[in-house]
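*Asks:* Please see the structure below; I have some questions.
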Amino acid sequence: MSELRPRLVAAIVPVCSLTLLALMTALILSSAGSTFGYDYDAYIDGPRRFLDGRPLYDPAITGAGPHGLFLYPPPFALAMLPFTWPPEAVGRFIWVMAMAVCMPIGAVLLPVRRDVRWTIVLLAAFDWLVLYSIKLGQVGPLLFLLFAAAWRWLDRVWPVAIAVAVGTLVKVQPAILIVWAAVTGRWRLVWASLGILVAVCGVSTVFTGIGAWPDYLTLLRRISPAADVVNNCSLGAVLYQAGVQEDVANNVQWLSTAVAAGAVLLAWRYARPVAAFQITVLASQLLTPLLWDHYAMLLLLPAAWLLERGRYWAVAFPLFSWVSILGWTSLEGSPDRWLATGTIPLTFFVCLAALLWEARIDRREAARGEGLQPA
């Protein structure tokens, strides 16, 4: 009987975790209404413009706020073409379900203990921003899956290269991992990632035309000053919402970016590979002037690493998302709503500080294990 009980627990926990995540996802989707697949409209806008013979990027775009505008690299537009084949409602449903499935697959791929892996699935079921991201059809779960795969096979070139390249073609931020690979001497990974990117971009350019790339770079420049973008949760945007002048808010945002970049450089210089990877992934979301609240679902990655190392307080990072949504609800229409928005960058920076501290401990433990004195 004593041997049977652990086996039953080992069998029941995964089933219960996945079932709870599925039920919570179904509950959120059933009440989504017009927000079901909200971001899908933006992803499908590029393919539609391509099929209509129009430029991929609307030249009238002056900011990142308007709904349903394509703001992504040209190859992503071609990758989304199959979703234009079925009726719109069907394509939207398939996309949202695909994002929903990415979440548990990514959790299963995490290179952590079995109990930590299923804890992450449970956290995802109670993490409002995970459920919110799935409801919107946002690419966050896909990025979570790609980062989890890169972490799992961190010492293998091609799996990481594919994950980094695909992530970069969906969102620009994962490209920082190529810089990390170069700085840390992983040159095979650098060339493999760049090779995939060049090949995919070259093929896409045959179809979209070379003019799509200057248009995309122009678009990025236009949306860079983002302090006044509605629902932006970057530090500069939060200050702007609190009444700080726009130029001051933008300067604070640059300072915020510099702090995140400094943390990354520090990790690249001193941290061990997994710790440096975690810090780089987290900081990548802070290096751009746009920080949507649902990006915080990626906090599950550092939470998994910290839990693996016995830091059980790390469950607070993904669960802290409820503070933002409860604050948003209670402060609806209030000038103090920025206080709720501000919990997002606060959580990111506290988690970043925790990762830096844990990376220091990790390095010292490794040095003691090898009989060395850490510098």
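*Asks:* Through the Karplus equation 6.51 cos²θ - 1.76 cosθ + 1.60, θ set to phi - 60°, convert the phi angles of region 108-124 into ³J(HN,Hα) values in whole Hz; use x for Gly and Pro.
*Replies:* 5, 6, 4, x, 10, 4, 4, 5, 5, 4, 6, 5, 5, 5, 4, 4, 4
*Asks:* Using a Gaussian network model of the chain with C-alpha springs under 10 Å, which one of Ala258, Ala149, Ala249 is most mobile by mean-square fluctuation?
*Replies:* Maximum fluctuation in the GNM of the chain, among the listed residues, is at Ala258.
*Asks:* What's the magnitude of the charge dipole for region 227-375 around its Cα centre, counting Lys and Arg as +1 and Asp and Glu as -1 at the beta-carbon? Answer in Debye, nearest 20. Kindly include the intermediate steps, with their values, before the conclusion.
*Replies:* Working: 9 positive and 11 negative charges, 140 e Å.
Computed charge dipole of region 227-375: roughly 680 debye.
*Asks:* Further question: Mean-square fluctuation check for the chain, GNM, Cα pairs under 10 Å: which of Ala304, Ala340, Ala32 is largest?
*Replies:* Ala32
*Asks:* Oh, and also: With viscosity set to 0.890 mPa s at 25 °C, what whole-number translational diffusion coefficient in µm²/s follows for region 56-187 from Stokes-Einstein and a Kirkwood radius over Cα pairs?
*Replies:* It diffuses with D of about 149 µm²/s by this estimate.
*Asks:* Explain nothing, just the number: dipole magnitude of the chain about its Cα centre with +1 on each Lys and Arg Cβ and -1 on each Asp and Glu Cβ, in debye rounded to the nearest 20.
*Replies:* So the magnitude is around 1180 debye.
*Asks:* Quote the relative contact order of the chain in percent (integer), defining contacts as alpha-carbon pairs under 8 Å separated by 6+ residues.
*Replies:* The value is 17 percent.
*Asks:* Compare the Cα positions of Leu339, Ala107, Pro59 along the charge dipole of the chain (+1 at Cβ of Lys, Arg; -1 at Cβ of Asp, Glu; about the Cα centre) and return the one farthest towards the positive end.
*Replies:* So the residue furthest toward the plus end is Ala107.
*Asks:* So, one more: Please compute one quarter of the surface area of the Cα convex hull for region 227-375 and express it in square nanometres.
*Replies:* 9.0 nm²
*Asks:* Taking θ = phi - 60°, what integer Hz values does the Karplus form 6.51 cos²θ - 1.76 cosθ + 1.60 yield along region 35-50, in sequence order, with x for Gly and Pro?
*Replies:* Values per residue, Gly and Pro as x: 8, 5, x, 4, 6, 4, 4, 6, 5, 8, 5, x, x, 5, 5, 5 Hz.
*Asks:* Right, something else. State the answer as a single residue: which of Phe277, Ala316, Ala237 lies farthest towards the positive end of the charge dipole of region 227-375, with beta carbon charges of +1 for Lys and Arg and -1 for Asp and Glu, about the Cα centre.
*Replies:* So the residue furthest toward the plus end is Phe277.
*Asks:* Under 10 Å, Cα contacts only: if you run a Gaussian network model on the chain, which one of Ala353, Ala237, Ala303 comes out with the highest mean-square fluctuation?
*Replies:* Fluctuation is largest for Ala353.
*Asks:* Report, to two decimal places, the Cα Rg of the chain normalised by 2.2 N^0.38 Å (N = number of residues).
*Replies:* After normalising by residue count via 2.2 N^0.38 Å, the value is 1.00.
*Asks:* Of all the stretches in the chain, which is the longest one without any exposed loop site, taking trypsin sites (Lys or Arg not before Pro) in a DSSP loop (any state but H, G, I, E, B) with at most 13 other Cβ atoms within 10 Å?
*Replies:* The answer is 157-375.
*Asks:* Relative contact order for region 9-140 using alpha-carbon pairs under 8 Å, separation at least 6, rounded to a whole percent?
*Replies:* In percent, rounded to a whole number, it is 40.
*Asks:* Follow-up question, since we're still on this one. Mind giving me the FRET efficiency for Leu154 and Val15? R0 is 41 Å, r the Cβ-Cβ distance, nearest 0.05 is fine.
*Replies:* 0.90
*Asks:* How would you classify region 159-259 from its alpha-carbon gyration tensor, with a ≥ b ≥ c the square roots of the eigenvalues: rounded for a/c under 1.5, else prolate if a/b is greater than b/c, otherwise oblate?
*Replies:* In terms of gyration-tensor shape, oblate.
*Asks:* Please give, to one decimal in nm, the separation of the simple spin-label points placed at Val323 and Arg311, each 7 Å out from Cα toward the Cβ.
*Replies:* Going from the Val323 label point to the Arg311 one covers 1.6 nm.
Laboratory data are not the source of any read-out in this text; all were calculated from the coordinates shown. Keep in mind that this is a model prediction, so the values were computed, not measured. Quick reminder, even Gly has a Cβ in these numbers, built from the backbone with ideal geometry, and neighbours come from all protein chains shown.
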